[in-house]
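So the structure is just underneath, and the comments pick up after that.
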Ligand code: NAD
């Protein structure tokens, strides 16, 4: 019984590494049929800013399993990353990136590294929701949701359980982003408590990343928000020996996409030199996913034996360690020649078919008590002295609703600002009732009406809420 999958050869080195990967899969007897779709640079440059034709979505959704080579996202110009679009359209919320070293056959400073990075795949700054609001300031919205956190954290613990891993670590920056990263950490603690047999811990991302780069053997499974996972998984792959070694799976409730973690490396394109291992590793994750684990095991053992024999592409080649530098296609042939063999020194793998992780559906909690207790008006103002702006903005005060503070890029500049603080043309003016009691939306409309009358350029408003009586917004720095 063949499984029909969708493939896309992508851009740059994509076609070369996809051809090499498919040759290996075929030679190993993978039971696959392919529908090939066009995505990426050519589609973008033909005027389609999504980088994919609408019919291609139908094929991806019908086959449900997608093996994708890297694509080039043209810089700027309104082109949206197709990788991000695919992950979000198809609800591929979990991105799993195993990074392990192959010491002593692939040179690395970290001989006993075996880390799986589980990256949240749909939210965070990666949503790419950006707005220019003033001449000088552009914002990017960081959205973190409770269902997003619950799904990815639970996935990480279920993955650890299924793969017999001992520890799940969470990385966030919740000492600074107390609301967004704070939620991720809170949900991690809640869900970790349901898995007492698995060790859990949280690290602040900066020192966690330093520790990962320095002592990766300390970590086992690491779960983190999208952007951090993007950055750290490249680092983790690179320190195993090459970014060209790691593959990833993008898993959703109905569809899945498999790829290399690296990009299209345009400078290496068309030269038959790139390492196809990253995409091959993605393809093996795919074979496990569709129940062809025996084939995946055969290929992985042949791949390990190839690397053990010192047959290396340019990115891995080192005098003394490697025996032969080979092209992309010769590397594929070397793996094919070793099908049926096992590595001698590296541990041969034994795969069992992935048990589909049976995650409970997200259950929305009872609504919290939500009180509107203020509003931030963001003002475009080209002056420099916050006290002058305060005089203008205070004209909006009415009743108990009064200007409480002004910040610039998050730092309080009124009242009692420091003259040393550098200010841009983007000012946040916070209004709250003097006794912090709830306000009405009508009061916000009144504020805006008045602002319009005095020609104050309000570029955005942000409501300030308390949930279950607890203020749920950040204070001004220094407030
Ligand atoms: P990149 O990962 O493509 O390449 C960076 C460098 O890593 C290359 O110059 C090369 O030296 C090395 N490298 C990467 N893959 C290799 C391989 N298989 N074998 C040997 N060496 C390899 O990163 P980039 O240059 O920042 O991005 C290039 C393009 O790829 C951009 O347009 C970017 O948007 C896109 N990209 C796509 C994906 C994806 O499709 N999933 C992911 C990341 C980047």
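Data overview
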| read-out | value |
| --- | --- |
| The range 114-239 - Rg over Rh from alpha carbon coordinates, Kirkwood radius | 1.00 |
| Compactness of the range 222-284, expressed as Rg and Dmax over alpha-carbon positions, Å | 12.6, 38 |
| The chain: angle of helix 293-308 to the longest principal axis, Cα-based, in degrees nearest 10 | 80 degrees |
| Distance between modelled label sites at residue 206 and residue 400, nm, 7 Å Cα→Cβ extension | 4.0 nm |
| For the range 172-271: span of alpha carbons on each principal axis (Å, largest first) | 50, 37, 29 |
| On Cα atoms only, tilt of 277-289 relative to the major axis of the chain in degrees | 90 degrees |
| Sites residue 441 and residue 323 - FRET efficiency at Förster radius 56 Å, r taken between beta-carbons, to 0.05 | 0.20 |
| Antiparallel DSSP beta bridges within the chain, percent to nearest 5 | 65 percent |
| Two-site label geometry, residue 38 and residue 190: point separation in nm, points 7 Å out along Cα→Cβ | 4.7 nm |
| Spin-label model distance (nm) - residue 388 vs residue 214, 7 Å beyond Cα toward Cβ | 4.8 nm |
| Residue 162-residue 136 FRET efficiency (beta carbon distance; Förster radius 41 Å; 0.05 resolution) | 0.25 |
| Tilt relative to the chain, helix 14-27 - C-alpha long axis, 0 to 90 degrees, to 10 | 40 degrees |
| Over the range 370-471 - Rg/Rh using Cα atoms and the Kirkwood inverse-distance radius | 0.96 |
| Computed lengthening from residue 345 to residue 455, 0.36 nm per intervening residue step minus Cα-Cα distance | 32.1 nm |
| Dimensions in Å of the chain - Rg and Dmax from alpha carbons | 26.1, 82 |
| Inverse of mean 1/r across different Cα pairs in the range 5-108, Kirkwood, Å | 15.3 Å |
| Contour minus Cα-Cα distance for residue 129 and residue 84 (0.36 nm per residue) | 15.0 nm |
| Förster radius 30 Å - calculated FRET efficiency between residue 45 and residue 145, Cβ distance, rounded to 0.05 | 0.30 |
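Each value in this text was obtained by applying a stated rule to the coordinates, not by laboratory testing. Being a predicted model, the structure only gives us computed values, none of them experimental. Methodologically, a virtual Cβ is constructed for each residue, glycine included, from the backbone with ideal geometry; neighbour enumeration extends over all protein chains shown.
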